[in-house]
Amino acid sequence: MKKSDFGFNTKVIHGGQTPDKAYGAVMPPIYQTSTYAQSSPGKHKGFEYSRSANPTRSALENSLASIENGAYGLAFASGLAAIDAVLKLLEPGDEVIATNDLYGGSYRLFERLYKKAGIKFHYTDMRDAGSVSALVTTATKLIWIETPTNPLLNIIDIQAVADLVRGKSILVAVDNTFASPFLQLPLNLGADIVMHSATKYLGGHSDVVAGGLVVNDDALAGKLYFIQNASGAILGPSDSYLVLRGIKTLHVRMQRHCENAARVAGFLKGHPAVDVVYWPGFEEHPNHEIAKRQMTDFGGMVSFNVSGDNYEQAIAIVEKLKVFTLAESLGGVESLAGHPASMTHASIPKEVRLESGIKDSLIRLSVGIEDSRDLIFDLEQALG
Ligand code: P1T
C-alpha cells in the first residue's frame, strides 16, 4: 500500500514520516542547528544551511503535503509569511480577486504592502462563485479564497471558482485555516495552492505561530521554494516540531470541535439576547448545501450578532465569559471568544467591514474541546 493511499487518520500520524535515520527516533528530533558539516565543498548529507532546509522542518513539510493530498509542503514563520510568499509570485500590474470577507491581517497585507508594489486587488462576495467572472481580466493572476470565511463563516464553492478560471493561467489559492484538511481538501477540488495559518487547528494548542503552503505543481513548488529560501521567513525547528506534534491529533480534536460547535450554535439560535447565528451547519445557512458537499463536517467556529446590534452589549458579554477566554486566534483546544470589529478585523476600515457584514455587535467563538455543557453554561451566564 502506498502512503498516499492511507486514510486521513493514518496520514496525520504517518504521512511523509520515516523513523529518524540516526537512531530510529519515532518523532523527528528537533535539529536545532543552523548549519551542517561538509566533507568537501558541496559534499554533504542533503542539508547545508537551515534557511534552505532543516530535517525537522522537512518532516513537517512532508506531513503538510501528505494531509492536504499534495506533492510539496513549505513551512513558514507565520500564516501571513505564507501568504506573503504567494503574493511574491506576482509582478507589478497583476490583479488579484479576493473574497470580501477575510482575515483582517490578509486584507492589511494586500492593501498596505502589495498595493504599493503595483498589485491590484478586487474584493467580491464569492458566495456566488459567478461574481468572480465579471472581475477576471487578462491581468488576473490569482484568486484568493477563504472558506469558511473569517469571521462570518460564509462558504465558497471552491470547485465552482476553480472551474471558472481553468485553463486561464490564473492560480487559485485557498486559505484552509478555518476548515483544516480534516474537513476539506482544496487541491482535490481544483485549487493550485492551499495555505494555512498552522497557528490554528494544525498546531492546535495555542503554543506556536506558524504557516504553511501545499501545492502539486513542480514548477510552482520550485518558485515558492525559491521565495521561501530567498526571503527567509522559514519556520524554526522547535516550532516545526510543535506543529508536527499537533497534526498527529488533528482528526480527534476536529471531531470534538465540530460536535461542540454544533451544540453551541444550537444553544445560541433562538436565545433572546442573540440575533443572527453564523454556522454553516444550519440548514438555512445560505451555502449549507455547498458546505455539506465540500466539507466532511461544519467546523469549530461559530459567530453571532448580539440582539439589537448593540456594541456595548457585545463588549459586556465577552468581558463576562469565564470558560471562553477573550483572545485573538482560534483552533486551539481551549475555547476563545473574540470581538472582530475591535480585534482581528480592526485593520479593515469600518465602512469596508460593514459592507462585508461584519458588524460591531459580532462575537466570534472558537469552540474548544472542553465539555460542551460547561461552554453552554458559560455563554448562558454571559448572555443572561
Ligand atoms: O496569525 P498568522 O499565523 O500569521 O495567520 C494569519 C491568518 C491567516 N488566515 C486566516 C484565515 C487567519 O485566521 C489568520 C490569523 N487569524 C487570527 C489571528 C484570528 O484570530 O482570526
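Read the figures in this text as sums done on the coordinates, not as results from a lab. Quick caveat, the model's predicted, so the values are computed rather than measured. Methodologically, a virtual Cβ is constructed for each residue, glycine included, from the backbone with ideal geometry; neighbour enumeration extends over all protein chains shown.
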Please report, in debye to the nearest 20, how large the charge dipole of the stretch 147-244 is about its Cα centre when each Lys and Arg carries +1 at its beta carbon and each Asp and Glu carries -1 there. 100 debye
D (Stokes-Einstein, µm²/s), Kirkwood Cα radius, the stretch 80-236, 1.002 mPa s at 20 °C: 137 µm²/s
From the cross-link list Lys248/Lys359; Lys292/Lys320; Lys248/Lys320; Lys200/Lys248, the entries with a Cα-Cα span beyond 26 Å are Lys248/Lys359; Lys292/Lys320; Lys248/Lys320
So how do 40-52, 216-228 stack up, highest first, on mean other-Cβ count within 10 Å? 216-228, 40-52
Percentage of interatomic Cα-Cα distances in the stretch 291-345 larger than 19 Å: 36 percent
Given labels modelled 7 Å from the Cα in the Cβ direction, how far is it in nm from Ser238 to Phe226? 3.4 nm
Under Karplus coefficients 6.51, -1.76 and 1.60, residue-wise ³J(HN,Hα) of the stretch 90-96 in Hz, glycine/proline x: 8, 10, x, x, 6, 10, 10
Restricting to DSSP H runs of at least four residues, report the calculated mean residue ellipticity at 222 nm for the chain, -39500 (n - 2.57) per run over all residues, nearest 500 deg cm²/dmol. -9500 deg cm²/dmol
Could you work out the relative contact order of the stretch 73-206? I mean the mean sequence separation of Cα pairs under 8 Å and 6+ apart, divided by the number of residues, in percent. 24 percent
At Glu48 and Arg112, where each label point lies 7 Å from the Cα along Cα→Cβ, what is the point-to-point distance in nanometres? 3.6 nm
For Leu109, Leu244, Leu152, ascending order of other Cβ atoms within 10 Å (fewest first) is Leu109, Leu152, Leu244
Determine, for each peptide in 94-104, 308-318, the mean count of other beta carbons within 10 angstrom over its residues, then list the peptides with the highest first. 94-104, 308-318
Per the rule of 0.36 nm per residue minus the C-alpha distance, extending Gln381 to Asp207 adds in nm 59.8 nm
If the chain between Asp5 and Ala134 were fully extended at 0.36 nm per residue, the gain over the current Cα-Cα distance would be 42.5 nm
So, with points 7 Å from each Cα along the Cβ direction, the Val252-Lys21 label distance in nm works out to 3.2 nm
With the contact rule set at Cα under 8 Å and sequence spacing of 6 or more, what percent relative contact order holds for the chain? 17 percent
Enumerate the whole-percent occupancy of each 10 Å bin, from 0 to the last occupied one, for all C-alpha pair distances of the stretch 143-280. 11, 33, 35, 17, 4, 0
What's the exposure ranking of Ser169, Ser335, going from fewest to most Cβ atoms within 10 Å? Ser169, Ser335
Per residue, how much space in cubic angstrom lies within the convex hull of the C-alpha atoms of the chain? 142 Å³
Among Lys21, Lys359, Lys320, which comes first, then next, by fewest other beta-carbon atoms within 10 Å? Lys21, Lys320, Lys359
Averaged across orientations, what area in nm² does the convex hull of the alpha carbons in the stretch 251-383 project? 7.8 nm²
Pop the C-beta distance of Arg263 and Asp309 into the FRET formula with R0 = 25 Å and round what comes out to the nearest 0.05. 0.45
